[in-house]
């Protein structure tokens with residue numbers, strides 16, 4: 001969408017974008033789309049990689065935390081990030097769009113005449129819904145004991161700040177029905193749902209060949225539960241391609257049996273064809289939304305998903321895939337035993353995926369903004 005195509009309610013407004021941090025991922029793709037919608041808007045964030053600064057045409061404004069030499073240390077510093085976001089000077093803007101999930105961007109303070117819309121990826125995981133999971137698996141390796149101690153010590157005051165910060169935006173947008181419910185549960189705020197943008201066009205170009213075996217992909221970390229997917233396929237001797245890398249990779253390779261293939265160097269060009277050649281994409285994570293299953297659907301591939309989180313919005317039982325009810329190997333094995341890809345129509349699955357395109361996101365977002373300012 002070019003600036004010239006924006007509605008009259010938006011095109012003459014002075015807009016700023018605020019995001020937690022720019023490392024890379026689904027949340028960053030939302031910022032990229034917002035930047036393409038509003039190319040003149042500055043983007044404030046606590047930290048930005050050189051790659052993302054370039055992608056965003058050097059419109060990024062960062063603070064002192066951007067100059068710290070050790071990236072992981074920034075994750076230990078919510079109090080410093082809180083201070084930085086709360087002291088941003090956002091005077092002079094008509095509209096501020098915060099893109100916030102496990103960080104503090106929603107806590108900005110805007111002038112009375114400035115409209116603040118928060119696009120919420122999730123209420124902060126380690127304060128709320130997934131607190132106990134993070135205590136078990138903080139994901140910092142040797143630093144896990146330190147992280148557990150800090151989280152137990154600080155979770156009370158950080159929860160109180162997070163709730164207070166969530167009262168500051170004028171309006172909330174959720175990335176899924178699941179997050180819409182969590183925003184109401186943990187923050188007591190209403191939200192509309194606008195799903196994040198997925199590059200469905202690229203995956204829709206995949207060549208559909210004879211489907212054999214199953215596929216999963218993503219960063220190999222504990223909460224993705226790739227291990228239970230491997231165990232289920234081991235038990236049933238089903239071919240499975242595991243695409244990706246991560247701190248759990250060596251452990252998963254040791255777990256893999258003779259029917260498991262690990263693909264760590266798949267290019268962006270090869271990825272769509274890998275997804276299109278599978279009988280189904282297996283998704284075992286409890287995700288706020290989940291980009292990878294939509295990418296698989298864009299190739300016409302059904303999804304076998306854990307029945308929770310964002311998957312509830314796009315996995316339609318018997319139409320775009322099937323669910324398994326419990327996040328364990330036994331439940332997935334049961335689902336795989338009764339699964340047949342012949343029950344699904346490739347074209348119908350592709351059509352469903354188009355509802356999550358960049359165009360749909362932009363049209364919905366602009367329509368929402370125009371109704372609020």
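Read-outs: derived from the displayed coordinates by stated rules, not from any lab. A quick note: this is a predicted structure, and the numbers were derived from the prediction, not measured. Every residue, glycine among them, receives a Cβ derived from its backbone with ideal geometry; neighbour counts consider all protein chains shown.
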Separation of the residue 208 and residue 181 label points, Cα + 7 Å toward Cβ, nm
3.1 nm
So, in nm, how far is label residue 11 from label residue 51 when the simple model puts each one 7 Å beyond its Cα toward the Cβ?
3.6 nm
Rounded to a whole number, what is D in µm²/s for the stretch 50-204 from Stokes-Einstein with the Kirkwood radius over alpha-carbon pairs (4 °C, 1.567 mPa s)?
75 µm²/s
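At a threshold of 8 angstrom on Cα-Cα distance, excluding pairs fewer than six apart, so keeping six or more, what relative contact order does the stretch 213-278 reach in percent?
On the way: 89 pairs, mean separation 24.8, N = 66.
Taking the mean separation of contacting Cα pairs over the length of the stretch 213-278, I get 38 percent.
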Can you give me the distance in nm between label points at residue 360 and residue 167, each placed 7 Å from the Cα along the Cα-to-Cβ direction?
3.6 nm
Inter-centroid distance (Cα atoms) of the stretch 302-344 relative to the stretch 82-106, Å:
38 Å
When the chain is treated as a GNM, springs tying every alpha-carbon pair under 10 Å, which of 287, 235, 104 comes out with the largest mean-square fluctuation?
235
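Please find the FRET efficiency linking residue 269 to residue 86, where r is the Cβ-Cβ separation and R0 is fixed at 35 Å, and quote it to the nearest 0.05. Intermediate values should be presented prior to the final figure.
On the way: r = 43 Å, r/R0 = 1.24.
About 0.20, to the nearest 0.05.
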Take the stretch 290-373, compute every pairwise Cα distance, and split them into 5 Å bins from 0; I just need the percent in each bin.
3, 15, 22, 20, 16, 10, 7, 5, 3, 1, 0
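Apply 1/(1 + (r/R0)^6) to the Cβ-Cβ distance of residue 201 and residue 79, taking R0 = 51 Å, and write down the FRET efficiency to the nearest 0.05. Numbers along the way, then the final one.
Numbers: r = 42 Å, r/R0 = 0.82.
Computed FRET efficiency for residue 201 and residue 79: 0.75.
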What full-extension length gain, to one decimal in nm, is calculated for residue 255 and residue 341 as 0.36 nm per residue of separation minus the Cα-Cα distance?
28.3 nm
Please compute the contact order of the chain in relative form: average sequence separation of alpha-carbon pairs under 8 Å and at least six residues apart, divided by the residue count, as a percent.
14 percent
Quick check on the chain: of the DSSP beta bridges with both residues there, what percent are antiparallel, nearest 5%?
0 percent
Using a Gaussian network model on the chain with a 10 Å cutoff between Cα atoms, which of 348, 113, 234 fluctuates the most?
113
Nearest 10 degrees, 0 to 90: helix 26-37 Cα axis against the chain principal axis:
50 degrees
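Compute the convex hull volume of the Cα atoms of the stretch 125-208, divide it by the residue count, and report the result per residue in Å³ as a whole number.
Values: hull volume 12.9 nm³, N = 84.
Hull volume normalised by residue count: 154 Å³.
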Helix-only [θ] at 222 nm, the chain, -39500 (n - 2.57) per DSSP H run of 4+, per residue, nearest 500, equals -10500 deg cm²/dmol
Take the chain, connect every pair of alpha-carbon atoms lying under 10 Å apart with a spring to form a Gaussian network, then pick out the residue of 31, 315, 146 with the largest mean-square fluctuation.
146
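Under 8 Å for C-alpha pairs, at least 6 residues apart: give me the relative contact order for the stretch 200-356, rounded to a whole percent. Intermediate values should be presented prior to the final figure.
Working: 313 pairs, mean separation 39.8, N = 157.
This gives 25 percent for the stretch 200-356.
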Extension gain, residue 245 back to residue 36 (0.36 nm per residue minus Cα-Cα distance, nm):
72.3 nm
With no solvent and one equal point scatterer placed on each C-alpha of the chain, evaluate the Debye formula and give log10 I(q)/I(0) for q = 0.08, 0.09, 0.12, 0.13 Å⁻¹, two decimals.
-0.42, -0.53, -0.96, -1.11
Cα-based shape type of the stretch 200-356, given that a ≥ b ≥ c are square roots of the gyration tensor eigenvalues and the cut on a/c is 1.5:
rounded
